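Every read-out reported here was derived from the displayed coordinates using simple, explicitly stated rules and does not represent laboratory data. Worth saying up front: this structure is predicted, and the values here are computed from it rather than measured. Backbone-built Cβ (ideal geometry, glycine too); neighbour counts: all protein chains shown.
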Amino acid sequence: MFCAAAALARHEEKKDDGALAVAGILAGLSASAKMLGVAAVGAWGLVLLYRTRRAREALIFGACAAAMVGPWLLSTWIATGDPVWPFLRLDAESGALAARYLRSNRWDFPPKPGFFLHDGPGFLLIPVLALLALTRPGKPGRVERWLWWTAPAYAVLAWRHNEGWRFFMPVWPAFALAAGRGARAAFAAGGARRWAAGALILAAASPLAADGPNNALFAVVAPRPSSAPAADRRALFEERSVDVAAFYREARGVLPPGAKVLLFRETRGYGAGFDYAWGDPVNQIRVDYRRLSSPDELLARLKALGFTHVLDHPSSHLYQEDPGYYDARTIGLMGAALMRGARSAHARAGIALYELE
């Protein structure tokens, strides 16, 4: 996204169609990686149309972006009935699936107070605004301006979804550039403003020293891992990235060729090394727990879909019982089905792999 803004800035300065095409490709790749990049593509297309009063530049940019993200949107449309699911809800099936997703993901309106600070962005937002308030930082550069053009669209999404940390993320680079302008001006002013700017920068950077998954990886990617010098570095990296990675390695040793695993109370199949599908009650509808009235019906449905195993992660801190997600009925239904028609294939504390009989 940042590189796309830089390419748009170059096009603005040089009137270079090549830079415009590169910007579209990069913006399309962003939207391919995270679907809400489509919001930036749309915002930038409208800005190009408004600034030039001609469709040509917007069409070049839009066509290059569509070439990148178009296949993904088409695939989503075929799978769900909505190319940008869950936002449009073009038919009854996509609407029903979206309704469950929206209920489980805090789509509250009007938003709760402090929604922009939910889940942590305050440690960035508050220091940045304070830096800008210390002095007059001057006008933003071209790249920063292009990033800010996306802010209204992402502010609406953050407002609607109540998760500013996630849905305002493409605008964080603009905040970073603005903070740099503010800090430079404050340091140039000297005196108390310089000290205040330094304190604000330290406050914004303080999470880097906190204990978290990313920091746990630092010792692994170092030339000589200080935390576990004798450990297999790839295995250690996987385990600190996804806490179920070690269990996945063990599961690969007991799964037969052709096994297909349903992940229940778990979605992070990164690097699993076996064929799997999500079995959560929100992001898929092939196993529709609400329409299954008994454990036998659930077992029959799983077998009809070709599943041979179920991986259940009851100790996961991410997927505990929740009325809007894994509700008590769904957890109970799966538990009864596994007791009735499956045997334990492998288990460790808090996670188990079952083979369907």
For the pair residue 139 and residue 156, how long in nm is the line joining their label points, each one 7 Å along Cα→Cβ? 2.8
Residue 328 versus residue 192: modelled label distance in nm, points set 7 Å from Cα along the beta carbon direction: 5.8
So how do 26-37, 193-204 stack up, highest first, on mean other-Cβ count within 10 Å? 26-37, 193-204
Over the stretch 242-356, calculate the relative contact order: mean separation of alpha carbon pairs under 8 Å at least 6 apart, over the residue count, as a percent. 27
Tell me which chymotrypsin sites (Phe, Trp or Tyr not before Pro) from the stretch 265-357 have a DSSP coil assignment and no more than 13 other beta carbons within 10 Å of their own. 270
Full extension from residue 283 to residue 230: what is 0.36 nm times the residue separation minus their Cα-Cα distance, to one decimal in nm? 15.1 nm
If every Lys and Arg gets +1 and every Asp and Glu gets -1 at its Cβ, then about the Cα centre the stretch 220-357 yields a dipole, in debye to the nearest 20, of 280
Gain in span if fully extended, residue 202 to residue 252, counting 0.36 nm per residue against the direct Cα distance: 13.5 nm
Give me the number: length gained by fully extending residue 336 to residue 320, i.e. 0.36 nm times residue separation minus the C-alpha to C-alpha distance, one decimal in nm. 4.0 nm
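Given a Förster distance of 25 angstrom, what is the FRET efficiency for residue 303 paired with residue 90, based on the Cβ-Cβ distance and rounded to 0.05?
0.20
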Can you tell me the order of 12-20, 294-302 when each peptide is scored by its average per-residue count of other Cβ atoms within 10 angstrom, highest first? 294-302, 12-20
Interatomic Cα distance distribution for the stretch 2-80, bins of 10 angstrom, percent: 22, 53, 20, 4, 0
So, in Å, what gap is there between the alpha-carbon centers of the stretch 247-300 and the stretch 15-78? 36
Cα extents of the stretch 282-357 along the principal axes, largest first, in whole Å, come to 30, 29, 19
